[in-house]
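Everything on this sheet refers to the single structure shown next.
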Amino acid sequence: MNEVKPKNSKGEITLEFFYTHYSAKERQQIVQGTYLNVLEDYELDTWIPYNYKWKGILNSYTRKYPAHHVIKAIHTAEYYLQESEYHDNKKTIKNFTKKIGGILHNRSLGK
């Protein structure tokens, strides 16, 4: 029997390993961690509005699309944070989350 290799030649976790060794809940947590890490890079993680249901939004993305697609969309949407002038940090976070959803939707149409 072939064993699933955890990492490829670049040292990245393989998709096969990602989907066979992590539960759906663990994949959701990885997506949430990626989202928070990106916001932290721009010092926006402390500005997430208290009543903003970002975890629920990301979990719905992860249920609808493969988790690795959501992670790629998070990194693609990062351009928005690079261009944002941070006039309203809470609005910036909400727009960033919407951009992720828009990217996922547009990519799904291109199938």
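The values are calculated or read from the model by the stated rules, or taken from the named source; none is laboratory data. In this text, all values refer to a predicted model and were calculated from it rather than measured experimentally. Ideal geometry is used to build each Cβ from the backbone, glycine not excepted, and the neighbour counts take in all protein chains shown. Side chains included, ligands, DNA and RNA excluded: accessible areas come from the protein's heavy atoms. Shrake-Rupley method; radii C 1.70, N 1.55, O 1.52, S 1.80 Å.
Picking from Y65, F96, T34, whose Cα lies most toward the positive end of the charge dipole for segment 21-111 (charges on Cβ: Lys, Arg +1; Asp, Glu -1)?
Value: Y65.
Run lengths n ≥ 4 of DSSP H only: what is the helix-derived mean residue ellipticity at 222 nm for the chain, with -39500 (n - 2.57) per run over all residues, to the nearest 500?
-22000 deg cm²/dmol
Between segment 1-51 and segment 80-107, what is the C-alpha centre distance in whole Å?
19
Is segment 59-111 rounded, prolate or oblate when judged by the Cα gyration tensor, a ≥ b ≥ c being the square roots of its eigenvalues, rounded requiring a/c under 1.5 and prolate requiring a/b larger than b/c? Intermediate values should be presented prior to the final figure.
Details: a/c = 2.49, a/b = 1.99, b/c = 1.25.
The shape class here is prolate.
Do you know the relative contact order of the chain, to the nearest whole percent, from alpha carbon pairs under 8 angstrom that are 6+ apart?
24
Place a +1 charge on the Cβ of each Lys and Arg in the chain and a -1 charge on the Cβ of each Asp and Glu, then give the dipole magnitude about the Cα centre in debye, rounded to the nearest 20. It would help to have the intermediate numbers written out before the result.
Working: 17 positive and 12 negative charges, 128 e Å.
Charge dipole, the chain, about its Cα centre: 620 debye, nearest 20.
Going through the DSSP H helices of the chain, which span 20 Å or more along their own axis at the Cα atoms while scoring at least -1.0 as a mean Kyte-Doolittle hydropathy? Walk me through the intermediate numbers first.
Details: long enough: 24-41 (26 Å, -0.72); 67-83 (25 Å, -0.29); 89-109 (30 Å, -0.80).
Long hydrophobic helices here: 24-41, 67-83, 89-109.
For the residue pair S9 and D88, what label-to-label distance in nm results when each label sits 7 Å from Cα along the Cα-to-beta-carbon direction?
Label-label distance for S9 and D88, simple model: 5.0 nm.
Taking 0.36 nm per intervening residue step and subtracting the Cα-Cα distance, what contour gain separates S23 from Y79 on full extension?
17.2 nm
Please report, largest first and rounded to whole Å, the three semi-axes of the ellipsoid equivalent to segment 13-55, where each semi-axis is the square root of five times an eigenvalue of the C-alpha gyration tensor. Don't skip to the end; give the middle numbers.
Numbers: eigenvalues 132, 32, 4 Å².
For segment 13-55, the semi-axes come out at 26, 13, 5 Å.
Across the chain, how large is the tail of the calculated P(r) beyond 19 Å, expressed as a percent of all Cα pairs?
Values: 2938 of 6105 pairs.
Here the tail beyond 19 Å accounts for 48 percent of pairs.
Between S108 and E40, what FRET efficiency follows from the Cβ-Cβ distance if R0 is 41 Å, with the result rounded to 0.05? Numbers along the way, then the final one.
On the way: r = 28 Å, r/R0 = 0.68.
Computed FRET efficiency for S108 and E40: 0.90.
Name the shape class, rounded, prolate or oblate, that the alpha-carbon gyration tensor gives for segment 32-86, where a ≥ b ≥ c are the square roots of its eigenvalues, rounded holds for a/c under 1.5, and otherwise prolate holds if a/b is larger than b/c and oblate otherwise.
Numbers: a/c = 2.18, a/b = 1.29, b/c = 1.69.
Note, shape of segment 32-86 comes out oblate.
Roughly to the nearest percent, how much of the accessible area of the chain is carbon and sulfur, given a 1.4 Å probe? Please list the in-between numbers first.
Details: 3840 of 7620 Å².
Result for the chain: 50 percent of the exposed heavy-atom area is carbon or sulfur.
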